[in-house]
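The values are calculated or read from the model by the stated rules, or taken from the named source; none is laboratory data. All values reported here derive from a predicted model rather than from experimental measurement. Counting neighbours? That spans all protein chains shown, and the Cβs are built from the backbone with ideal geometry, glycine included.
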Amino acid sequence: MNSTTNISISDIQIGDRFRKDLGDIDGLAQSITEDGLLQPIGVTPDNRLVFGYRRLLAFRDVLKRDEIPAVVIDIDNLARGEYVENTFRKDLTASEMVAITDALRSFTRGGDRCSEQYRNNVVAVTKKRACEIVGWKLDKYDDAKKVVQLAIPELVQLMDEEKVSLHAAARLADEPEDIQKEAVKRVEAATTAAERRGILRTVNRIKRARQRAEQRRAECEAPDTSESIRLYHCSFQKLTEVAGLKPASVHCVLTDIPFGNEFLSQINDLAQFVGEVLAEGGVFVCYVGQHKLNEKIRAFDQHLNYQWMGTSRWVGRCNQMHSLNVVSNSIPFVVYTKGERAPSKWSKWIDTLECDSREKEFHEWQRPLAEMETLLRSFTMPGDLVVDPCGGGFTTAAACQNLGRKCISCDSDKANVVVGRQRLRSEAKEEVVEVEGEKIGPASVAHLSHEMV
């Protein structure tokens, strides 16, 4: 039968040890000083060490003790004894480590000490010290604690089983319960460790897919009325008055301005107009072209806050600028905000848009409908008010109609307004649209179109 006794350290025969990583011996010695030796070492009847090498070193080299409590074990094979001690034991799970750490933090020292002054100044063990005693880092404790507090039981179990890392489990604990359940399901179905390690990427894909689905549903459920899209025949300088636009009432201005010299004199007016109608944090997205881009940027900078520049590229026929001997197949667009940006309201967006076809049936400068829809989805939500001060082919208005955004747009050329009205009517679910405050039916559209031709 095994027995426990204090034996002289100098009498212990250490021999060869298989465990090489000894860890923090000084920390172990401090723990022994504060809390005592919780488990004695193991030796054979002839004082050969079986287990407890780290405890022995703490007693001998740090605490400078001559004796150490030991349990005497009658075993012949020392290697097997060390293996059994260090292999078949069960390590504490992360949630159990949290419980122990929290218990240590609630523990106050003092005991039977008689000093009244000592008892009045007793403090609990700090979180840092509790983690040192247990033997893990603060960040690991914080992660595991979050999981224990916020995660569903199935996720806590996966953390304890080490199928999900502490960091990943803590990130997942911040997600809604349905996302956590989906993550657990994916981890349990994983066949490789790599699949389990990639659970955060998988969850991000799930979230993005759900966000897209919710956005599509909101777009489908958005009101589809004649009042949601309004086209006006006027210059953008008069749009505020004609359309009754209130200052700071617009979520987004999305437009494609003329790129040539003829519009340069109006750039300052456009920048001022956008600054007046945009709500705080509203976004201005504008195709600007490369020609005299510096002048356009300077004008916008006076009224708005620059955020980024994107590019629209296409395949096929390119534009030639003979004076510079350059062939261009891309158009830059700028992204500004009024005041501080509100990126939490933006979807993740790509700054390089690819076009595989030209769409010019409504205007010679027409942008692809899918491209405008992409920008609207990136920077607006269903029901937002969008303004396009340079309607042209009214692609922005058509995209707003498709996606459930409200839109006010204008053009100084009445023929463009007529064509835009035809376009919206042909693509709308209802047969009536509103132009310049007047509800127009199919007969009126046909008559006006013939008159303009």
Next item on the list: Starting from residues that are of a type in the set (Val, Ile, Thr), under 28 Å from Ala130 (Cβ atoms) and touching a helix residue (DSSP H, G or I) at 6+ places or on another chain (Cβ under 7 Å), keep the ones in segment 7-66 and report whichever is surrounded by the fewest Cβ atoms within 10 Å (Cβ to Cβ).
Entry: Ile25
Checklist line | Within segment 128-152, considering residues that are over 16 Å from Ala170 (Cβ atoms) and in a helix (DSSP H, G or I), the one nearest to the chain's Cα centre (by Cα) | finding: Lys128
Item checked: Residue among Thr126, Thr108, Thr101 that alone is exposed (fewer than 13 other Cβ atoms within 10 Å of the Cβ) and modelled with pLDDT of 75 or more -> Thr126
Next item on the list: Among the candidates Arg201, Arg171, single out the residue that is assigned to a helix (DSSP H, G or I), without any contact (Cβ under 8 Å) to a residue 24 or more places away in the chain and within 20 Å of the chain's Cα centre (by Cα).
Entry: Arg201
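Please specify each residue of segment 344-380 satisfying the condition of being within 23 Å of the chain's Cα centre (by Cα), hydrophobic (A, V, I, L, M, F, W, C) and at pLDDT 90 or above. Reasoning before the result, please.
As a first pass, look at segment 344-380 and keep what is within 23 Å of the chain's Cα centre (by Cα): 344-353, 373-380.
Still in the list and also hydrophobic (A, V, I, L, M, F, W, C): 346, 349-350, 353, 375-376, 379.
Leu375, Leu376, Phe379 - these are the residues of segment 344-380 that are within 23 Å of the chain's Cα centre (by Cα), hydrophobic (A, V, I, L, M, F, W, C) and at pLDDT 90 or above.
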Note to self: Anything in segment 289-330 that is in a strand (DSSP E or B), farther than 24 Å from Glu276 by Cβ and either among the small types (Gly, Ala, Ser) or touching a Lys or Arg at 6+ places or on another chain (Cβ under 8 Å) (or both)? List them, or say none.
What the structure shows: Gly310, Ser312, Trp314, Ser328, Ser330
Next item on the list: Please go through segment 244-284 and pick out each residue that is under 23 Å from Trp365 (Cβ atoms), in a strand (DSSP E or B) and charged (D, E, K, R).
Entry: Asp256
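What are the residues in segment 124-174 that are under 17 Å from Val203 (Cβ atoms) and of a type in the set (Asp, Glu), if any?
Passing the criteria: Asp143, Glu154, Asp174.
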